[in-house]
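In what follows, a single structure is set out as structure tokens and then discussed.
None of the figures in this text is laboratory data; all of them are computed from the coordinates on show. Please read these numbers as outputs of a predicted model, since none were measured by experiment. Note that each Cβ is placed from the backbone with ideal geometry, even for glycine, and that neighbours are counted across all protein chains shown.
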Amino acid sequence: MSAQTTTAPYTAAAVESRSYASAFRTSPFAATMPANIRLTQTTATGAIDILKILTAFAHGAEGVMVAWTGRATPNHKQRLLVLRELLHFVGCHRDRLAIVEGAPDEARERAFSEQVRALGPWSFGSQPVFGMNDALPAHGVGAHASTAASRALQNLAGDLLRSGKVAGVLAWGQASHEIQPMIARTPEQARRLFAGGRGYPNLATLLETVADENMAVVVRPAELACIDALREEGIHLPEHLFLIGQGAPRERCDALLPECGDVPGAMSGEELAAIERWPIEERAAFWSAQFAQCVHCDGCRSACPFQCYTNCLNDALTPHNGHTATAKQTACAHLACATRLAGHCVQCESCSGACPQAVPLYLLHQKATQVLASVA
């Protein structure tokens with residue numbers, strides 16, 4: 001059960017059991033419960049959906065209390081901790097999300113309500129502090145691989161296709177205005193292929209569409225990790241893949257491209273460290289400006305190899321009927337995706353590469369991965 005009100009500022013509380021919900025409603029505290037607290041039912045399985053929490057924040061809640069009866073699994077608790085740290089990362093103080101065991105009582109509710117009042121409104125609409133972006137290292141989305149690597153790929157792809165070893169070679173090619181995944185099926189088409197650069201789409205998203213063919217595919221560390229993860233999930237991929245490594249371990253690949261600089265797949269942590277050094281007010285201003293640019297094109301989710309975990313999150317948390325989403329509502333939608341993907345994301349950065357506004361969504365996923373590793 002999740003407690004919400006319709007007047008701002010308000011506080012929300014969550015209880016995951018029907019029996020606790022009934023007991024709470026009939027308790028003496030229910031009659032004297034502060035007017036700024038409301039309750040909303042959740043399932044009795046121990047699973048408190050993060051959408052309940054983020055929907056409350058998206059609709060104006062200044063704080064959310066989550067309580068469970070002891071049946072919540074470790075995974076559910078870990079997701080709540082990931083969400084709390086992600087909220088703090090984007091400028092919403094972690095104390096706005098309280099996690100307690102047992103049904104909320106009068107003392108807990110009143111203490112939390114006062115705690116949220118002391119924090120004040122979650123301000124998420126201020127202009128960024130001048131010079132803030134200068135402190136963030138350049139992400140480098142769209143940095144291309146070396147010409148030597150692309151030529152080596154074209155030559156290798158042509159040889160594979162001429163020999164009949166593969167039916168196609170999956171890499172990247174130049175579309176009308178952008179680099180996109182491309183399958184070369186003839187030696188002539190192979191001349192149009194490029195080796196991968198940072199921010200290029202993750203090729204693993206297309207492998208399911210050619211699952212019944214004998215294919216070669218360029219794999220960076222992100223693609224390689226993604227292929228392993230998709231197979232573990234039971235996704236039907238080509239049984240025999242000719243792996244062309246680009247920065248990937250030699251022992252995992254059938255062929256290697258020449259060294260070609262930085263490719264996605266390893267978290268440096270420099271960007272995270274830079275942002276985390278900012279005061280929370282500056283982080284809120286930075287992320288408010290970033291999320292205000294989101295046009296809700298769904299490109300980030302569509303580019304993700306694990307989009308099955310994030311279906312409908314954007315629709316659930318942002319307005320319909322022509323209404324414009326606020327930066328806070330947009331933030332909640334992206335935080336829901338990052339929390340759901342924690343433990344699955346392979347840091348390929350395809351989400352940021354697909355964003356027409358260059359919103360650094362990869363930072364949210366890096367942060368979620370970092371937090372989950374620390375609480376697992």
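Charge tally around residue 283: other residues with Cβ under 13 Å, Lys/Arg +1 each, Asp/Glu -1 each, net -2. With R₀ set to 45 Å, the beta-carbon distance separating residue 191 from residue 123 gives a calculated FRET efficiency near 0.25. In a fully extended conformation the segment linking residue 235 and residue 272 would gain 10.1 nm over its present Cα-Cα distance, using 0.36 nm per residue. Take 105-112, 348-355 and order them by the average number of nearby Cβ atoms within 10 Å per residue, most first; the result is 348-355, 105-112. Using 0.36 nm per residue and subtracting the Cα-Cα separation, the extra length available between residue 281 and residue 357 on full extension is 25.1 nm. What the phi angles of segment 205-220 give under the Karplus curve with 6.51, -1.76 and 1.60, with θ = phi - 60°, is a coupling list of 5, 9, 5, 5, 6, 10, 5, 9, 10, 8, 10, 10, 9, 7, 10, 8 Hz, glycine and proline written as x. Scanning residues 5 or more positions from residue 172 or on other chains, those with amide H under 5 Å from its amide H are 182, 194, with H placed 1.01 Å from N in the peptide plane.
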